[in-house]
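For reference, the structure discussed in these notes is given below.
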Amino acid sequence: MRAGSQLDVVLESDIYKEQVVARKAMVYDVQDQRIIISQTSPPLYRRHIGVRVNASYLLKVGAPESRPAIRMGIPATIVEYQEAYPLSSSNVVPAFVLKQTGEPAEINLRTHYRVRPPSSSDLLLLVNGERVNLINLSLGGIQYSHRRGNPPTEYGNVTLTLQSGGRVFKTDGKVVRISSPVAAAVHAQEMEYVTVRFLGNNRDLEFFLGKKILMIERQLISEGKIVD
């Protein structure tokens, strides 16, 4: 990556939402582990200083005649906002500074795209051995709902078991968000929504989920429930 490269900046917090927002930016300069970028579109703000992001770019590989592009992602933290960065001797522009916190790795911006399994899906989810209602899933994690327990759900690690078509996948996860539905009904007030991020590197589960998510997307597109 060098000056003039195009970046897609994704906030780490966006990973657990329904849709990943890729903020477009241009690289102004690279100074060791510091990456100076333009204001993004949609914009970043001063309040984002300290926020962790993934900054990705396309890298051409292979023979010149084919040169397929792969997307590389760099984990980073937004560390500074410069209101008047000297782009040239006569031109100053706003800029953000990212500090690289890890090595570049191949990624897919759709890795954390979440889909909601239709009612006809055979997916079954157990959390710490108890069956829960699967709301949506991605390659990065899941969201489920259940009745508030006693004791209630706590932030921390959980054991996940996902079953489908006679296959069983077990993995560890970390609870990253717990919320309550906004509803007046008494039964709704007894429910809570839990978002869990997958831990570890379960290749079999990732491969299975990749195919399952693609199948669900195709089904929802054919039913007109999402737009391709």
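The values are calculated or read from the model by the stated rules, or taken from the named source; none is laboratory data. Note that this is a predicted model, so its numbers are computed, not measured. In this analysis, Cβ positions are derived from the backbone assuming ideal geometry, glycine residues included, and neighbour counts consider all displayed protein chains. When the accessible area is computed, the model is the full protein with side chains, heavy atoms only, and any ligands, DNA or RNA have been set aside. Shrake-Rupley method; radii C 1.70, N 1.55, O 1.52, S 1.80 Å.
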Accessible area in the full protein assembly, largest first, 1.4 Å probe, for Arg197, Arg52: Arg52, Arg197
Additional length obtainable on full extension of the chain from Ala105 to Leu87, 0.36 nm per residue less Cα span: 3.6 nm
HN-Hα J in Hz across region 200-205 - Karplus 6.51, -1.76, 1.60, θ = phi - 60°, x for Gly and Pro: x, 9, 8, 5, 4, 5
Asp32-Tyr193 pseudo-label distance in nm [points 7 Å out on the Cα-to-Cβ vector]: 4.3 nm
Solvent-accessible surface ranking, highest first, for Glu217, Glu83 at 1.4 angstrom: Glu83, Glu217
Stretch gain in nm, segment Ser222-Glu80, where the contour uses 0.36 nm per residue and the Cα spacing is subtracted: 46.6 nm
